[in-house]
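In what follows, a single structure is set out as structure tokens and then discussed.
FYI, it's all coordinate maths here, none of it is from the lab. Note that this is a predicted model, so its numbers are computed, not measured. Cβ placement follows ideal geometry from the backbone for every residue including glycine, while neighbour counts extend to all protein chains displayed.
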Amino acid sequence: MDAITDIAKVKELLDKARDVLIVTHEQPTDDSMGSALALYLGLKGMGKNVTIACPDPVTVELSNYVGANKIATELSRKNFIISLDYVDGSIEKVSYNIEGNKFNLVVEPRPGFDAFSEDKVSFSHAGAAAEVIITVDTIHLGGLKKLYESDKELYASKPIVNIDRHANNANYGQINLVDATASSTAEVVARVLSGLGVALTVDIATNLLNALFAATNSFQNPGVTANAFELAAVAMKAGGKRFGQKVATEEVPAAETVAPVHPGGEAGSNTPPQPAEGQPVPPPVSGQAPADWLKPKIFKSSNLI
């Protein structure tokens, strides 16, 4: 199944959902953090109520990613569960009533069975607020550690969108956007965001750019493809900055100001040279990423379960 079809299915899921949960694996990396947070910012921009979580705290080295302070290490459990020791057939009826500010749950035992008592009751919480779960850079659900172990029912009952680049990904999602040819998960997330029609903001571009540089070892890894360079160019054009990159803010003294000179133009002129008669006019240079900033490409391991 091609990427465009899969991303269309993701969009269909998101169109119907208000609450989205984004999770990534233990011992987070630049790629997992930057990718997950780029997705977080993108979905927030779509008006979604997004929770993002990682089983381990964000380290100092990863704290520069935009939105890192929003990452939770535990999922809030909104459902209050009352559990009773139960014998098959022992309950006749369950009902409730409200008296003033009290909610009363009434459990009526079936004739012939013992009545329930306080020592047979226990309480717990479960169920994070999520209609769709998106896993990022996570080979299998076990990599989510306590985020998965503490609420397996949530993952079993909600649709999972699995976004990753690893060839050994278990394809555990209802929708698997897994591209084993990608140099980074950031590239896959970028294509998903582009396919969803998300605008490439400076913050999203910054997260993607730094995740990409770290995952590819500054493009020195042997598996780097042209797609990685394409994403870097698009992110930088959108205003993405490398962490630690200084932006010049000092004004040049008037006495030292030099008028720009365009190749082939006149000194002191801001007008670029005009092409010779009969030659094509070059396209204007834009500082913004195009609306379809990265068209979805085919994912090697993409499938719908």
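Using DSSP to call loops (not H, G, I, E or B), can you name the chymotrypsin sites (Phe, Trp or Tyr not before Pro) in the range 20-100 whose Cβ has at most 12 other Cβ atoms within 10 angstrom? Numbers along the way, then the final one.
Details: sites: 40, 65, 80, 86, 96; in loops: 65, 86.
Those satisfying the criteria are 86.
Please tell me which of these pairs span more than 28 angstrom C-alpha to C-alpha: 9/241; 44/237; 44/241; 48/158? Flagged as over cut-off: 9/241.
With a 10 Å Cβ neighbour count serving as the proxy for reagent exposure, in which order, fewest first, do 103, 243 appear? Don't jump to the answer; show the numbers that get you there.
Working: 103 9, 243 15.
Ordered by Cβ neighbours within 10 Å, fewest first: 103, 243.
Translational D (Stokes-Einstein, µm²/s) of the range 133-200 at 10 °C and 1.306 mPa s when Rh comes from the Kirkwood sum over C-alpha pairs? My calculation gives 127 µm²/s for D.
When 136, 60, 10 are sorted by how many other C-beta atoms sit within 10 angstrom of their C-beta, beginning with the fewest, the order is 60, 10, 136.
Of 46, 33, the sequence from fewest to most neighbouring Cβ atoms within 10 angstrom is 46, 33.
Can you give the local net charge around residue 105? Use residues other than it whose beta-carbon is closer than 15 angstrom to its beta-carbon, Lys and Arg +1, Asp and Glu -1. So the environment of residue 105 carries a net charge of -1. P(r) tail for the range 64-222: Cα pairs beyond 24 Å make up 56% of the total.
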